1. Go through region 308-318 and report how many residues are touching a residue at least 12 places away in the same chain (Cβ under 8 Å) and open to solvent by 30 Å² or more (accessible area, probe 1.4 Å).
2. Looking at (1) under 18 Å from ALA349 (Cβ atoms); (2) assigned to a helix (DSSP H, G or I); (3) of a type outside the set (D, E, K, R), can you tell me which one ALA384 breaks?
3. Within region 386-406, does at least one residue satisfy the condition of being open to solvent by less than 60 Å² (accessible area, probe 1.4 Å), without any contact (Cβ under 8 Å) to a residue 60 or more places away in the chain and of a type in the set (Phe, Trp, Tyr)?
4. Would you confirm, using the coordinates I've provided, whether ILE26 is modelled with pLDDT of 95 or more and not basic (Lys, Arg)?
5. Does region 270-280 include one or more residues that are touching a strand residue (DSSP E or B) at 6+ places or on another chain (Cβ under 8 Å), outside any loop (DSSP other than H, G, I, E, B), open to solvent by 10 Å² or more (accessible area, probe 1.4 Å) and at pLDDT 95 or above?
6. Considering only residues that are closer than 22 Å to ARG32 by Cβ, assigned to a loop (DSSP other than H, G, I, E, B) and either basic (Lys, Arg) or open to solvent by less than 40 Å² (accessible area, probe 1.4 Å) (or both), which ones fall in region 65-118?
7. Across region 18-34, what is the number of residues that are over 24 Å from the mean Cα position of the chain (by Cα), over 12 Å from THR118 (Cβ atoms) and not in a loop (DSSP other than H, G, I, E, B)?
8. Please count how many residues of region 147-167 are assigned to a loop (DSSP other than H, G, I, E, B) and either open to solvent by less than 10 Å² (accessible area, probe 1.4 Å) or not basic (Lys, Arg) (or both).
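The values are calculated or read from the model by the stated rules, or taken from the named source; none is laboratory data. The model shown is predicted, which means the values in this text are computed figures rather than measured ones. All Cβ positions, glycine included, derive from the backbone under ideal geometry; neighbour counts span all protein chains shown. Calculation scope for accessible area: heavy atoms of the full protein, side chains included, ligands and nucleic acids excluded. Shrake-Rupley method; radii C 1.70, N 1.55, O 1.52, S 1.80 Å.
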Amino acid sequence: MSNEIFQSQSLNDWLFYLEQQHPTEIELGLSRIQSVADKAKLNHLNAGKTVLVAGTNGKGTTIRFIELALIELGYSVGVFSSPHLFTYNERVRVNGELLADSDHISAFDFVELHKGNTSLTYFEFSTLAAFKLFQQHKLDFVLVEVGLGGRLDSTNILQQDISVITSIGLDHVDWLGNTLEKIAFEKAGIFKANNTAIIGEQNPPLTIEQQAANLKVKTALWSGRDFTFSSALECPKTWQFKSGQAVFEQLNSNFVPRQNIATAIQTLIELNIKLTEGLLNKVIKNFSLPGRMQILCSKPLQMVDVAHNPHAIAYLSDTLASNDAFKHINGIHAVVAMMKDKDIKETLAIMVKSVSHWHIGELEANPRAAKAESIKAVLEDLGAKNVSVYSSVESAWAQAQEEQQEEELLLGFGSFYTVCDILKNNNKEKRSL
């Protein structure tokens, strides 16, 4: 198509075009995207400093905390993250705001003009478009979330100032390997020579340290050694952060894992940002990120979380058991749908003793989704009782709402798609009131 025809397309037209351009949804490797980035001069973002964040879980919340703190201090900040819940625009934020469709269309058009005959995946194309948008805004800081793994992920063409690893868990084993050591090796592949690496994982496999040496990292800062977090002795509801550069003794709590906040704080310190306890507590108080421990209703209590692997579900389970917000709960209705390429049995086994009623929804339009009957079979094999199957996540959520008692929790989890369907239904209900 000619450039004029491309310019007349809507954002949805462009996204459909991107989906058709490569024979596979995922093809790891840097050669294709690097060649286009070189032609388009997208290797440098015209930003003051850049941060690249990898990890099994916690990437989005760690980036969000850094973003909110920087914005509060008056800096200009760009964020590239994935996947989105509702609209593609969510993948790029500038100063906390989403950009207009026309901005994305212009960036897509720029990439199309420079890619020539190179076949790019959806994620590769969108990564380059995001980089173009950041270049145009000339930001103080750019925060980029790795898509899959790290070493061979499209985002790894960046020459970032700081590399961050939030956590290591078993996920995407078909692509990254079936051991924590292999997965850690891939994620630590984002390290760059003579730069700083921050490792938030508290039990890091040795392959992270090996990669730091192989890739000639200048400084590696480790959770538990170079920075720590722990409950404050004088007030158990608060916690403290300590590193060689700063000590914050009375930080408030929210649903975000303290490990992620501590990793974000250490990253801010390495960015030479002057922090105060007051600023950090303000960010903690106001922190929000759709789909992450998101409370939809307080009476009765209803919550969604995008947790979809054993590592994330373990944190969700621990939070439900230990946080005061859930101390009055005497039963859980769970609305679940999952992808068939996830470890469904290991994931659900963590919650099976806590959940009193299971509502399994079908994600019919998603070819990656596990069938509801298959999930039901797994749950019953684990000994779960009260397992029901529905034609959609929306109908599962509606029925669970009908059955939920005042002192019970209604919880939706299992994938971004699951949470998206629940939130769409929740927003529909709000509009009808």
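1. 5
2. Failing condition for ALA384: (2).
3. Scanning region 386-406, I find at least one residue that is open to solvent by less than 60 Å² (accessible area, probe 1.4 Å), without any contact (Cβ under 8 Å) to a residue 60 or more places away in the chain and of a type in the set (Phe, Trp, Tyr), so the answer is yes.
4. Spelling it out, it is not the case that ILE26 is modelled with pLDDT of 95 or more and not basic (Lys, Arg).
5. For region 270-280, residues touching a strand residue (DSSP E or B) at 6+ places or on another chain (Cβ under 8 Å), outside any loop (DSSP other than H, G, I, E, B), open to solvent by 10 Å² or more (accessible area, probe 1.4 Å) and at pLDDT 95 or above: present.
6. Across region 65-118, the qualifying residues are SER81, SER82, THR118.
7. 1
8. The total comes to 12.
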